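In what follows, a structure is listed as structure tokens, so that the remarks can point back to it.
The values are calculated or read from the model by the stated rules, or taken from the named source; none is laboratory data. The structure displayed is predicted, hence computed values, not measured ones. Backbone-built Cβ (ideal geometry, glycine too); neighbour counts: all protein chains shown.
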Amino acid sequence: MMTGDERMLGKKYLLTGGTSGLGEAILEELIANGAKVTVIGRNHDKLKKLVDVYPGQVDVFKADLNIQEDLNRFHEWLKGEQPVYDGLINNAGFGYFKSFMSHTPEEIHDILNVNLTQTILLTHMMLPYLRVNGTIVNISSQAARVTTPYSAIYAASKAGLSSFTNALRMEHPSLHVMTVQTGPIATSFFMRADASGTYESLTKRLQIDKYKLAGEIVEGIGSKKIEINRPQWMHIGLSIYSLFPRWIEQKLEKPFMSKSGLK
């Protein structure tokens, strides 16, 4: 098990999407720094494994964030248990890399529901159970900041999440609210987003190490950062893009259309 400086000793966080990928790396980093974590997930076996691996440090709540009844059950649990948390980390999310018209209505609904609507509803439920000066972290994407053909629905969900997070920060100055916007991360995300493996192959050299990013996120919680953008070169490039978006789209059409060949 990892060791840390225990600066979060005794603090408790709620984490979604903590059974794999970046979420699991964040979970390990939190525990290494002395925190306890409640993980919301939909896979019973993966949740049980977390409890077995981290006895006394992790508790779990089985719920599918795409199912309103599951979220309602969690809300009832909150009202009954009256827990107090030091932070909420909204990490769960997914998307598909294909044309808008290739998405089924169900896929459009589910992406927006999990990545945006249910994340906002969960945050609404959790606010009364966060300490003053508690933390809310929303894992967004650099896709929120740029025109992204062939992943329009995913990008729309993340753009909405980033906007929500920024507004929440200003509405609740007593809370620490942090946006995390990243490029491609080396996780299993791509297995669902593009089953062909093409996009993962194209971005292999650009992918962010999930453990390094998790360390930055937990460090950001401790130091009260309001935004993390990775990789830095992408953040700088997209900041320039925001000044001349349509001109850059015309000049760099090929990179913008990099997902157009995905099925």
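Worth a mention:
Here is a yes/no grid of residues against (1) in a loop (DSSP other than H, G, I, E, B); (2) surrounded by fewer than 16 Cβ atoms within 10 Å (Cβ to Cβ); (3) in contact with a strand residue (DSSP E or B) (Cβ under 8 Å, 6 or more places away or on another chain):
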site: Trp77; (1), (2), (3): no, yes, yes
site: Ile89; (1), (2), (3): no, no, yes
site: Ala92; (1), (2), (3): yes, no, yes
site: Asp110; (1), (2), (3): no, no, no
site: Val114; (1), (2), (3): no, no, no
site: Gln118; (1), (2), (3): no, no, no
site: Leu122; (1), (2), (3): no, no, yes
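- Apart from one condition, Thr179 fits all of (1) out of contact with any Gly (no Cβ under 9 Å at 6 or more places or on another chain); (2) touching a residue at least 40 places away in the same chain (Cβ under 8 Å); (3) part of a helix (DSSP H, G or I); (4) closer than 21 Å to Asn115 by Cα; the exception is (3).
- All conditions but one from (1) without any contact (Cβ under 8 Å) to a residue 12 or more places away in the chain; (2) not in a helix (DSSP H, G or I) apply to Phe97; the one that does not is (1).
- Scanning the stretch 10-39 for residues that are more than 21 Å from Ser141 (Cα to Cα), in a strand (DSSP E or B), under 16 Å from the mean Cα position of the chain (by Cα) and touching a residue at least 60 places away in the same chain (Cβ under 8 Å) yields a single hit, Tyr13.
- Among the residues examined, Asn66 qualifies as polar (S, T, N, Q), modelled with pLDDT of 95 or more and not in a helix (DSSP H, G or I).
- Any hit, the stretch 145-154, residues being over 21 Å from Leu121 (Cβ atoms) and in a helix (DSSP H, G or I): yes
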